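Encoded as structure tokens, the structure appears first; notes follow it.
Any read-out appearing in this document is the output of simple, stated calculations on the displayed coordinates, not a laboratory observation. This structure is a prediction, so every number in the text was calculated from the model and none was measured. Neighbour counts run over all protein chains shown; Cβ positions are idealised from the backbone, glycine included.
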């Protein structure tokens with residue numbers, strides 16, 4: 001039976017986004033064989049039946065309505081699958097340059113790209129309904145349904161899970177002050193933020209272009225060995241991205257500011273169901289480094305780790321809930337402090353680049369003629385003129401897959417490939 005869900009304020013951020021932001025989340029899987037269209041369609045129906053927001057559409061609101069809502073039907077309106085043998089990068093640019101239509105369900109689009117080495121399954125998901133982890137959870141349900149395997153869904157009921165104040169909001173003023181104090185240096189350190197140099201962009205070209213990078217086996221070992229004690233893989237990856245931005249600008253004789261910053265989406269689901277419940281649970285933290293301090297990868301990684309550790313201890317990712325859900329009740333000074341941490345402030349992105357890491361994933365084989373799942377790729381919503389490069393990371397075993405997405409108006413496909421190669425060089429040498 002159909003029912004409704006009130007939009008959270010975090011949902012509304014991506015529904016109310018202007019034309020500059022295309023809220024498309026990329027999840028892509030490659031299989032060793034061929035995906036059967038009928039079997040895939042049946043698997044899609046089974047998968048969306050497991051997750052309410054996976055089959056939701058935006059409700060029709062009157063001019064006087066004070067809130068928006070999702071309509072969750074028993075089944076999706078339109079589960080079409082595009083099948084093509086076009087070059088995959090052309091398909092990516094076309095698919096992810098448009099946000100899925102929220103007026104019909106589901107809030108995602110599906111394309112299969114036929115290749116000689118196995119099919120690729122591309123999912124384009126609207127960020128109002130899906131974050132990176134939610135997108136990955138849908139892919140997991142889809143693979144299990146295609147293979148005929150059980151798919152037990154964890155986490156609380158969707159209404160309970162989407163109570164953002166309950167799961168991530170501050171517990172009182174003292175908790176709020178701890179978060180504010182922990183985050184305060186971010187705004188202070190954001191001085192003349194470095195902007196990525198444009199290269200090869202075209203105003204009439206694709207809105208987004210992509211460059212995949214695979215690091216595996218001995219190269220993975222080499223990169224991970226460069227981490228200082230207590231630094232995470234994510235710390236290393238962010239440090240390498242910040243260094244790559246600086247190297248890129250210097251090669252292009254483009255200005256380098258006083259700081260370089262990496263916008264880091266954070267999953268604030270509770271640990272008990274950190275990979276469950278399809279919805280948008282993404283907060284954002286800015287990792288700001290002073291350019292003069294960023295001398296090499298080891299030093300930069302240690303600096304990043306010194307920033308991320310206290311942020312984690314303070315539960316700082318919940319600040320976005322404090323601002324959006326409790327904004328009218330916040331003291332004015334705290335509210336302004338939190339507003340300065342939003343990725344988009346006063347019509348400009350404040351960070352140099354963005355990195356979102358899904359961590360290690362394990363997607364089962366689709367089975368049948370589709371065979372094994374051989375690759376998983378991801379990129380987040382973010383690439384804009386002011387912040388033209390973003391990076392999504394996925395780990396599988398000893399392999400790290402990095403998908404670079406850029407605003408094609410600022411950085412063209414060939415240039416983005418060079419940026420990705422420079423990132424690899426930064427990690428390994």
- Protection-proxy order for peptides 375-386, 26-37, 124-135, each taking the mean of Cβ atoms within 10 Å per residue, highest first: 124-135, 375-386, 26-37
- Task: Report the label-to-label distance for residue 421 and residue 6 in nanometres (one decimal), using points 7 Å from each Cα along the Cα→Cβ vector.
- Result: 5.4 nm
- Task: Quick one: among 391, 21, 355, which has the greatest mean-square fluctuation in a GNM of the chain with alpha-carbon springs under 10 angstrom?
- Result: 21
- Efficiency by 1/(1 + (r/R0)^6): what FRET value for residue 298 and residue 160, r their Cβ-Cβ distance, R0 = 45 Å, to the nearest 0.05? 0.55
- Task: Order by neighbour count: 407, 372, fewest other Cβ atoms within 10 Å first, most last.
- Result: 372, 407
- Query: How big is D for region 71-116, in µm² s⁻¹ as a whole number, if Stokes-Einstein is applied with the Kirkwood radius of its Cα pairs at 20 °C and 1.002 mPa s?
  - Reply: 179 µm²/s
- Note on the structure: hull vol. (C-alpha, convex hull) per residue for the chain, Å³ -> 143 Å³
- Tensor-based shape of region 3-161 (alpha-carbon gyration tensor, a/c under 1.5 rounded, otherwise prolate or oblate): oblate
- From DSSP H assignment alone, runs of 4+ in the chain each adding -39500 (n - 2.57), the sum over residues rounded to the nearest 500 puts [θ] at 222 nm at -10500 deg cm²/dmol
- Would you mind ranking 244, 84 by Cβ crowding within 10 Å, fewest neighbours first? 84, 244
- Query: What ranking do 94-100, 399-405 get when scored by the average of other Cβ atoms within 10 Å per residue, highest first?
  - Reply: 399-405, 94-100
- Query: Got a sec? How would 214, 374, 194 order by Cβ neighbour count within 10 Å, fewest to most?
  - Reply: 214, 374, 194
